[in-house]
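Report on the structure given below.
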Amino acid sequence: MDTVIETNNLTKRYGDVTAVDGLSLRVAKGEIYAFLGLNGAGKTTTIRLLLGMVKPTSGEARVLGMKIRVWERKPWDSVGYLVETADAYPELTVRENLEAMRRLRPGTEPQAVDRAIERLGLTEYADRRAGTLSHGNAQRLGLAKALLHNPALLILDEPALGLDPAGIVEIRNLLTELVREQGVTVFMSSHILGEVSRLAQRIGIIHHGRLLQELDVDELERNRQRRLLVRARDCEAAHAVLIGAGFSAEIASDGAVIVKDRVAIERPDDVATRLVNAGHAPTMLNVEEEDLEHYFLRLVGMEEGGAK
Amino acid sequence: MSNLAQAIWVEFLKARRSKMPLFTALGFAMVPLGGGFFMIVLKDPEMARRVGLISTKAQLTMGSADWQTYLRFLTMAVGAGGIILFGLIASWVFGREYSDRTVKDLLALPTARSAIVLSKCVVIAVWSAALSVLTCLITLGVGAALGLPSESPQVFWQSGITITVAVCLTIALVTPIAFAASAWHGYLPPIGVMMLAMGLAQLVNAAGWGEYFPWSVPALYVQGEHLGMVSYVIVILTSIAGLAGTLLWWERADQTH
């Protein structure tokens, strides 16, 4: 496995505040790694550390095999990035902003500007001043700047921020295509959990500057809590039937019967058969899967009202 | 220097597209236009009073309506006031990256951060020099239009040299303002630093130590004060310190904006 990003015990303190605390992670070539955390969890500081914008208090970061250190050669010709909000020179047009960025990235061909404009759907706005763009289009311009030079690694801080649902799908498809067809590696931070679960292959969960968990999407699927939700005309009677059958059923506050036994979740038809045979046919039978949001909140200890 | 030429191109593009060149040109144009106004008044004070250009109480001590007086007014204004306008340019060129939050896009590029800083300094110097040339041209145009009595070329050369040296000294002194804009992230702190420097210059001048205070030196120079080499060395060292500080800040300081 080629490692594109590697951090070892990376720590950043600002006075008494520890923004990033002993972070060790690996991002493999060609994967989309999502860095998940609440506001202030340390996502942006980590990205700034990876980009050499802030110096670590201790530990080290390597990007594309190079240690990120002041005065040393860095891999920025192969890295595209978007940090925090997508900002641009307001008095320059979209095209001029990209042209300025192209010139600061030597070796990027002039056609790259038009290509990026087209790829991000900015053709209509190419000659419009950046200061007049909507938030979503400004975000597209930020992404266009990051993609301009066909980088091997994209480091994106909240790439879907400000985009409408169609824009989010578009960017998701674009990133997936870049990874699939060009072998680009994407390291992205996000708090849009649904987006992360659809896009990323690997997820790192950061809380209070510490990496709580690093897992593949498959592992996430396995770790998510699932439960069978049953409703009948007489839920209490249905509950009694299921208890009698050996299930550890319980009644929720809304009256539904919750069954968490694996055998019930995997074979809900057997549960239905038992209830029908007992004369309490189910009016609803639903296998609910904990979504990423609840999984995340459960992990960071901020779950509200029990698992969904 | 890694990609300096392209970085300069980009800085000129940003400057060209903004309204700042126009505003600073208008600001500097006030100097020869203001001088021209005084020339009109000095040419015929009674007429000026009659038509209401000046109050009847106005005391005219500036001199007579000739090229020597007009050019002296210009050199004094550039020597004393140049730092305000050049400082504003430096505040904008560096401070706007923080106000527009675009600085982060300049920090992880194949173009070295030092090249970005130097390109900004080049733009500030060229911009300031261009404004000075423009001001001189307007002065010549206004003077000719007013029909000031002809003067020997020596007077023009001498004024030209004085303005050139004063402009160079003043441009050299904007690097600490660039540092202030970088270290305190925006336009306003460097303007504050500039005002502080101007205020201190007045104070130090009054105390008789002006030749040792860098921001007093251009004004003393255009006043024809005899300055020793130490004054010029102090200006150069201040400039180097400001540039080195700015370069070090961009390279080494934590960039959290």
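General remarks:
- Check on A:VAL179, of a type in the set (A, V, I, L, M) and surrounded by fewer than 21 Cβ atoms within 10 Å (Cβ to Cβ): yes
- Candidate set from the range B:128-155 (those that are of a type in the set (S, T, N, Q) and surrounded by 15 or more Cβ atoms within 10 Å (Cβ to Cβ)); member that is farthest from the chain's Cα centre (by Cα): B:THR139
- Looking across the range B:89-122, just one residue is more than 10 Å from chain A (Cβ to nearest Cβ) and in contact with a His (Cβ under 7 Å, 6 or more places away or on another chain), and that is B:TYR98.
- Among residues of the range A:216-230, those that are in contact with a helix residue (DSSP H, G or I) (Cβ under 8 Å, 6 or more places away or on another chain) and at pLDDT 90 or above, counted: 2
- Meets criteria (within 12 Å of chain B (Cβ to nearest Cβ) and modelled with pLDDT of 95 or more) for A:GLU99: yes
- The condition of being in contact with a Gly (Cβ under 8 Å, 6 or more places away or on another chain) and either buried (at least 20 other Cβ atoms within 10 Å of the Cβ) or among the small types (Gly, Ala, Ser) (or both) does not hold for A:VAL196.
- Scanning the range A:185-233 for residues that are in a strand (DSSP E or B), within 15 Å of the chain's Cα centre (by Cα) and of a type in the set (D, E, K, R) yields A:ARG202, A:GLU214, A:ASP216.
- Every test in (1) surrounded by 17 or more Cβ atoms within 10 Å (Cβ to Cβ); (2) away from chain A (no Cβ under 14 Å) is passed by B:HIS185 save one, and that test is (2).
Residues are listed down the side, and each one gets a yes or a no for (1) out of contact with any helix residue (DSSP H, G or I) (no Cβ under 8 Å at 6 or more places or on another chain); (2) within 17 Å of B:PHE86 (Cβ to Cβ):
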{"residue": "B:ALA172", "(1), (2)": "no, yes"}
{"residue": "B:THR175", "(1), (2)": "no, yes"}
{"residue": "B:PHE179", "(1), (2)": "no, yes"}
{"residue": "B:TRP184", "(1), (2)": "no, no"}
{"residue": "B:PRO190", "(1), (2)": "no, yes"}
{"residue": "B:LEU196", "(1), (2)": "yes, yes"}
{"residue": "B:GLY208", "(1), (2)": "yes, no"}
{"residue": "B:PRO214", "(1), (2)": "no, yes"}
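- Residue in the range A:167-176 that is over 19 Å from B:LEU107 (Cβ atoms), free of Cβ contacts under 8 Å to residues at least 12 places away in the same chain and either surrounded by fewer than 18 Cβ atoms within 10 Å (Cβ to Cβ) or under 28 Å from the mean Cα position of the chain (by Cα) (or both) present: yes
- Qualifying positions in the range A:270-292 - among the hydrophobic types (A, V, I, L, M, F, W, C) and closer than 24 Å to A:ARG224 by Cα: A:VAL271, A:ALA272, A:MET284, A:LEU285, A:VAL287, A:LEU292
- Members of the range A:29-83 found to be crowded, with 21+ Cβ neighbours inside 10 Å, more than 12 Å from every other protein chain (Cβ to nearest Cβ) and among the basic types (Lys, Arg), listed by number: A:LYS43
- Scanning the range B:1-40 for residues being β-branched (Val, Ile, Thr) and within 9 Å of chain A (Cβ to nearest Cβ) gives a total of 1.
- Filter result for A:LEU212 (surrounded by 20 or more Cβ atoms within 10 Å (Cβ to Cβ) and touching a Leu at 6+ places or on another chain (Cβ under 9 Å)): no
- Within the range B:83-124, the set of residues being among the hydroxyl-bearing types (Ser, Thr, Tyr) and closer than 19 Å to A:LEU104 by Cα comprises B:TYR98, B:THR102, B:THR111, B:SER114, B:SER119.
- If you check B:LEU243, B:LEU248 for being within 14 Å of chain A (Cβ to nearest Cβ), within 30 Å of A:GLU72 (Cα to Cα), at pLDDT 95 or above and part of a helix (DSSP H, G or I), only one passes: B:LEU248.
- Residues of the range B:8-37 that turn out to be of a type in the set (Gly, Ala, Ser), in a helix (DSSP H, G or I) and closer than 17 Å to A:ALA88 by Cβ, as a count: 1
- Out of B:SER152, B:SER128, one residue alone is more than 14 Å from chain A (Cβ to nearest Cβ) and modelled with pLDDT under 95. It is B:SER152.
- Contact annotation: residue pairs with Cβ atoms under 6 Å, 6 or more positions apart or on different chains, pairing a residue in the range A:200-227 that is more than 22 Å from A:ILE258 (Cα to Cα) with a partner that is among the hydroxyl-bearing types (Ser, Thr, Tyr) and outside any helix (DSSP H, G or I), are A:ARG202/A:TYR33; A:GLY209/A:THR18.
- Per-region count, the range B:13-36, residues closer than 17 Å to B:THR75 by Cβ and not small (Gly, Ala, Ser): 5
For every residue, the table says whether it meets (1) more than 14 Å from chain A (Cβ to nearest Cβ); (2) surrounded by fewer than 18 Cβ atoms within 10 Å (Cβ to Cβ); (3) at pLDDT below 95.
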{"position": "B:ILE171", "(1), (2), (3)": "yes, no, no"}
{"position": "B:PRO189", "(1), (2), (3)": "yes, no, yes"}
{"position": "B:ALA197", "(1), (2), (3)": "yes, no, yes"}
{"position": "B:GLN202", "(1), (2), (3)": "yes, yes, yes"}
{"position": "B:TYR212", "(1), (2), (3)": "yes, yes, no"}
{"position": "B:HIS226", "(1), (2), (3)": "yes, yes, yes"}
{"position": "B:SER231", "(1), (2), (3)": "yes, no, no"}
{"position": "B:ALA253", "(1), (2), (3)": "no, yes, yes"}
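- One residue stands out in the range B:13-65 among those that are over 19 Å from B:VAL123 (Cβ atoms) and among the basic types (Lys, Arg): the one that is modelled with the lowest pLDDT, namely B:LYS57.
The values are calculated or read from the model by the stated rules, or taken from the named source; none is laboratory data. Every value quoted in this text rests on a predicted model; they were computed, and no experiment measured them. All Cβ positions, even for glycine, are placed from backbone atoms using ideal geometry, and neighbour counts span all protein chains on display.
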